Amino acid sequence: MSLSEKLSAQLQNVLAGDPWYGSSVYEIIEKVSFEAAFEKPQGSAHNIAEIVLHMIAWTEEVMDRMNGMSAGIPTSGDWPETGAPDEQKWQNYVEDLKLVSVNLIGIIQRFPREQWDEPIKDERNRELGTGVNHEELINGLIQHHIYHSGQIALLNRIING
């Protein structure tokens, strides 16, 4: 199995498969009502909708980096604003996460074998996740998605009891 195949399979498993640690990202998100998505429990830094937009933003940033652009904060911002609660808006966020993920998986599957070990553009900045090679970048996004899906599951449990 090539590295492209391995990484795309790992990402697909975290998003929609049967990861060893529990529910996939999409399975967790599908259990969230739009009301719960926009509710921010006391003491929470972000609501579920904000976390999903954050995941979308960083997936887009990773795609940019895979396409040779310099690393930075996502063009839509680190924590994009959700605006007023709206059921259709929530469904759009979920669909947007799925769409950017499909696009990234396509980039991973077509990525040249000889470039996986090459560093992305920019020096190491832990906060921005820069100064890593392309393989580390994808593994970092996978870890990022796992981390935030756990937050979403916990927030949904807090909101719904």
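The values are calculated or read from the model by the stated rules, or taken from the named source; none is laboratory data. This structure is a prediction, so every number in the text was calculated from the model and none was measured. As a convention, Cβ positions derive from the backbone with ideal geometry for all residues, glycine included, and neighbour counts pool all protein chains shown. The protein model used for the area step is the full one, side chains on, heavy atoms only, and it has no ligands, DNA or RNA in it. Shrake-Rupley method; radii C 1.70, N 1.55, O 1.52, S 1.80 Å.
Odds and ends about this structure:
- Choice from 80, 112, 19 showing the highest fluctuation, given a GNM over the chain with Cα pairs closer than 10 Å: 112
- Residue among 73, 51, 120 with the largest mean-square fluctuation in a Gaussian network model of the chain, springs linking Cα atoms under 10 Å: 73
- Surface composition of region 15-82: carbon and sulfur make up 50 percent of the accessible area, probe 1.4 Å.
- In this structure, the amide hydrogen of residue 133, modeled 1.01 Å from its nitrogen in the peptide plane, lies closer than 5 angstrom to those of 120, counting only residues at least 5 positions away or on a different chain.
- Within a Gaussian network of the chain (alpha carbon springs, distance under 10 Å), most fluctuating of 33, 149, 101: 33
- Computed over the chain, the per-residue total of -39500 (n - 2.57) for DSSP H runs of n ≥ 4 gives a 222 nm mean residue ellipticity of -19500 deg cm²/dmol, rounded to 500.
- Rounded accessible area per residue of the chain, 1.4 Å, Å²: 55 Å²
- Once the C-beta distance of residue 114 and residue 158 is scaled by a Förster radius of 41 Å, the resulting FRET efficiency is 0.30 to the nearest 0.05.
- In degrees, nearest ten, helix 134-160 long axis to first principal axis of the chain (Cα): 10 degrees
- Computed across region 1-120, the Kirkwood radius stands at 15.7 Å (inverse of mean 1/r, all Cα pairs).
- In Hz, Karplus ³J(HN,Hα) per residue of region 45-55 (6.51, -1.76, 1.60; θ = phi - 60°; x = Gly, Pro): 6, 9, 8, 5, 4, 5, 5, 5, 5, 4, 5
- Heavy-atom accessible area ranking, 1.4 Å probe, most first, across 89, 31: 31, 89
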